[in-house]
Amino acid sequence: MANHDPEPFRIKMVEPIRLIDRSEREIAIQRAGYNIFGLLAKDVFIDLLTDSGTGSMSQEQWAAIMRGDESYAGARSFERLSEAMYEIFGFQYFVPTHQGRAAENILSALYVKPGQYVPSNMHFDTTEANIRARGGRPTNLVIDAASEPTNRHPFKGNLDIDKLCAFIEQVGAENVPLGMITITNNAGGGQPVSLENLRAVAATYRRYGIPFFIDACRFAENAYFIKLRETGYSDKSTLEIAREIFALADGATMSAKKDAIVNIGGFLAMNDQSLYQRACNELILREGFPTYGGLAGRDLEAMAVGLYEGLDESYLAYRLGQTAYLAERLLEENIPIIEPPGGHAVYLDAGQLFAHIPQSEFPGQALSIELYLEGGIRACEIGSVMFATPDPQTGKIVHPKLELVRLAIPRRVYTQSHLDYVVKTVCKIANRRESVRGYQFTYAPELLRHFTARFAPLEERLPVP
Ligand SMILES: Cc1ncc(COP(=O)(O)O)c(C=O)c1O
């Protein structure tokens, strides 16, 4: 049976969790409009909704928090963060933001005009929404292997270079104000991107004169995957690999709530001075002064320490080992998942598990609700609720290729026995899968609807429109 290496830390502070009764869970999910985002955290037993901002900070980070310099301008905490930023990412300039989407908002405001295209391997939902909010058209050009759940390609997050060239030729480089790539590819299973691919992507964007920005949320996990899987990198440190990655780009956005293991924070970094100045103006309007940008001095300190801890190789070996453990245990039980597992999460293939529920009735939503009802587990749908959109020409709904449920693993929070409980719960649901029905919307906002949508269970199958 699968096992993972012991955690390279011991527990110094605990937070009690409680599994409320099934009848209470039924009331809670109904009250939440059958949307797990509407649940109260106290009613959740194992919270795998996200790995974003949910990690445990270390004693060094808590100690750094006490050093926070809360000066409005030019704080020492900003200097300390700047040093870490420069050593790891190497960009000339950066602005702190309160989280990743604030950086995406500024980037989109500065670059994207209505009707323009922004290619990537796959944009995450907030990136996509920020581009759309400026009238832009986010375009996903990940390799085909990404949508083949059992294809064990080592770098399933790679961007398809042929597709990228054809796409730029088709829409015209003048209509592509910037190009992106997400490492690791969260929307596609947390899959890594190889350095070989990153080099080719950078060269392609450069050839067409298109600025290249990396969504760096999980850069450290991506760097460790490169160390483990890409020829020529086993002797390089994750820091060296990270530096090599970012030397290829013109800038980056990051939600530090991921690989910087903080509860809040982010940044937008770049090399272009005039872009930096314009970013500062946007930042001052919405976030704060450029040396704190929507964060407290103490948050900057925690981020400066966390950026290095996220790159620590004993931590990364445990982190990727824990994810692989959950994936292997599920596979042993014949539960369909995206293979190989990514860095931060295991993605259940709800489309396959609930093959009797059509995409229009949200099999992923149904699975996320069952996880809660069966075991008090909260997990996030990444399928038609999140990504189905009407075709701008025909108005017909275009469904994503996969209907997934993401079991995101918070950093340094849960133990092997918590994960064993998750496996047991998924198995119980799989054993009675035929009894599970789909859902329909009773309310859905236009953008980022998964956060606030409400649903009703379908007693019977909807007629096919
Ligand atoms: C790849 C990716 N990009 C951007 C974001 C947005 O970050 P934030 O939630 O801090 O706004 C996320 C968050 O989950 C993400 O996974």
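Do we find that Ile357 is buried (at least 22 other Cβ atoms within 10 Å of the Cβ) and within 24 Å of Gly55 (Cα to Cα) in this structure? Criteria not met by Ile357. Would it be correct to say that Ala302 is within 14 Å of the ligand (Cβ to nearest atom) and either surrounded by 24 or more Cβ atoms within 10 Å (Cβ to Cβ) or of a type in the set (Phe, Trp, Tyr) (or both)? Here the answer is no, as Ala302 does not meet what is asked.
Quick grid of which residues meet (1) at positive phi; (2) touching a Ser or Thr at 6+ places or on another chain (Cβ under 9 Å); (3) not assigned by TED's automatic domain parsing to the domain that holds Val413:
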| site | (1), (2), (3) |
| --- | --- |
| Val14 | no, no, yes |
| Glu26 | no, no, no |
| Ile29 | no, no, no |
| Asn35 | no, yes, no |
| Leu40 | no, no, no |
| Val44 | no, no, no |
| Asp47 | no, yes, no |
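Here the stretch 146-173 is the region considered, the condition is being small (Gly, Ala, Ser) and within 19 Å of the chain's Cα centre (by Cα), and the residue that is modelled with the lowest pLDDT is Ser147. Taken over the stretch 63-81, the residue count meeting the criterion of being touching a Phe, Trp or Tyr at 6+ places or on another chain (Cβ under 9 Å) and assigned to a helix (DSSP H, G or I) is 3. On the given criteria, is Ser274 free of Cβ contacts under 8 Å to residues at least 12 places away in the same chain, out of contact with any Cys (no Cβ under 7 Å at 6 or more places or on another chain) and either of a type in the set (Asp, Glu) or more than 16 Å from the ligand (Cβ to nearest atom) (or both)? So Ser274 fits the description; yes.
When each of Ser71, Ser147 is tested for being more than 16 Å from the ligand (Cβ to nearest atom) and under 17 Å from Leu295 (Cβ atoms), the lone residue that passes is Ser71.
Quick grid of which residues meet (1) within 16 Å of the ligand (Cβ to nearest atom); (2) closer than 20 Å to Ala256 by Cβ:
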{"residue": "Ile183", "(1), (2)": "yes, yes"}
{"residue": "Gly188", "(1), (2)": "yes, no"}
{"residue": "Leu198", "(1), (2)": "yes, no"}
{"residue": "Arg207", "(1), (2)": "no, no"}
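When the residues of the stretch 228-270 are filtered to those that are hydroxyl-bearing (Ser, Thr, Tyr) and over 17 Å from Leu307 (Cα atoms), the one that is nearest to the ligand (Cβ to nearest atom) is Tyr233. The requirement of being in contact with a strand residue (DSSP E or B) (Cβ under 7 Å, 6 or more places away or on another chain) and among the small types (Gly, Ala, Ser) is fulfilled nowhere in the stretch 66-73; no residue meets it. Yes or no: the stretch 53-62 includes at least one residue that is assigned to a loop (DSSP other than H, G, I, E, B), among the hydroxyl-bearing types (Ser, Thr, Tyr) and within 16 Å of the ligand (Cβ to nearest atom). For the stretch 53-62, residues assigned to a loop (DSSP other than H, G, I, E, B), among the hydroxyl-bearing types (Ser, Thr, Tyr) and within 16 Å of the ligand (Cβ to nearest atom): present.
Counting only helices (runs of 4 or more DSSP H) that sit wholly inside the stretch 82-187, not one has at least 3 residues that are surrounded by fewer than 24 Cβ atoms within 10 Å (Cβ to Cβ) and aromatic (Phe, Trp, Tyr).
From the list Ile409, Ile429, Ile377, Ile397, the one residue that fits, being modelled with pLDDT under 95 and of a type in the set (Val, Ile, Thr), is Ile397.
The values are calculated or read from the model by the stated rules, or taken from the named source; none is laboratory data. Computed from a predicted structure; not experimentally measured. Note that each Cβ is placed from the backbone with ideal geometry, even for glycine, and that neighbours are counted across all protein chains shown.
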